[in-house]
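Below: one structure, written as C-alpha cells.
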Amino acid sequence: QLQASGGGLAQAGGSQRLSCAASGSIFSINDMGWYRQAPGKQREPVADITNGGRTNYADSVKGRFTISRDNAKNTVYLQMNSLRPEDTDVYYCYAKILSGIEWRTYWGQGTLVTVSS
C-alpha cells in the first residue's frame, strides 16, 4: 500500500528527500507522516501532515525538515536539510487510509538514511 523511496548516504549539512506513495483501493487519506527508528530504540515521530496541510514536527527537526504532500498523487514527502549524524535512522512513512468501510493506518517498508560527519 505504501512505497517509500529516497534515503541513502548523505554528508552532514547536506540534504535528502524522501517520498512515500500510497496505492491500491483508496477512498480517502487523512493524516500522512514519517517516523524514524534507530537500532535498539523506539520508533519516534518526525513529522506529520493532515489532508488540509496542517503540519507538526518533532522539536529535533524543526527548521530543518519540511513535510509536504500531493493529494492528487497520494504521496507524502520529507525534505531534510542541514542533516546531522544523529538523523541517521530508518525512516518509515505512514498514512491513515479509508479503504472499504474502515480507516486503517498503513506503514511503508522503511528507508535508511545515513549521515556521515
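The values are calculated or read from the model by the stated rules, or taken from the named source; none is laboratory data. Everything numeric in this text was worked out from a predicted model, so none of it was measured. Note that each Cβ is placed from the backbone with ideal geometry, even for glycine, and that neighbours are counted across all protein chains shown. Just so you know, the surface numbers come from the protein's heavy atoms only, side chains and all, with ligands and any DNA or RNA stripped out. Shrake-Rupley method; radii C 1.70, N 1.55, O 1.52, S 1.80 Å.
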Of the residues in region 1-45, those that are closer than 25 Å to residue 100 by Cβ and touching a helix residue (DSSP H, G or I) at 6+ places or on another chain (Cβ under 8 Å) number 2
Note on region 92-104: residues of a type outside the set (Lys, Arg), more than 28 Å from residue 116 (Cβ to Cβ) and open to solvent by 20 Å² or more (accessible area, probe 1.4 Å) are 98, 99, 100, 101, 102, 103
Per the list (1) open to solvent by less than 30 Å² (accessible area, probe 1.4 Å); (2) under 15 Å from residue 3 (Cα atoms), residue check on residue 112 breaks on (1)
Note on region 57-102: residues of a type in the set (Ser, Thr, Tyr) and free of Cβ contacts under 8 Å to residues at least 40 places away in the same chain are 57, 60, 66, 68
(1) at pLDDT 95 or above; (2) farther than 25 Å from residue 28 by Cβ all hold for residue 68 apart from (2)
One residue is enough: does region 88-97 have a residue meeting the conditions of a type in the set (Lys, Arg) and over 23 Å from residue 9 (Cα atoms)? yes
message = Being among the basic types (Lys, Arg) and farther than 15 Å from residue 86 by Cβ is the requirement here; does residue 36 meet it?
response = no
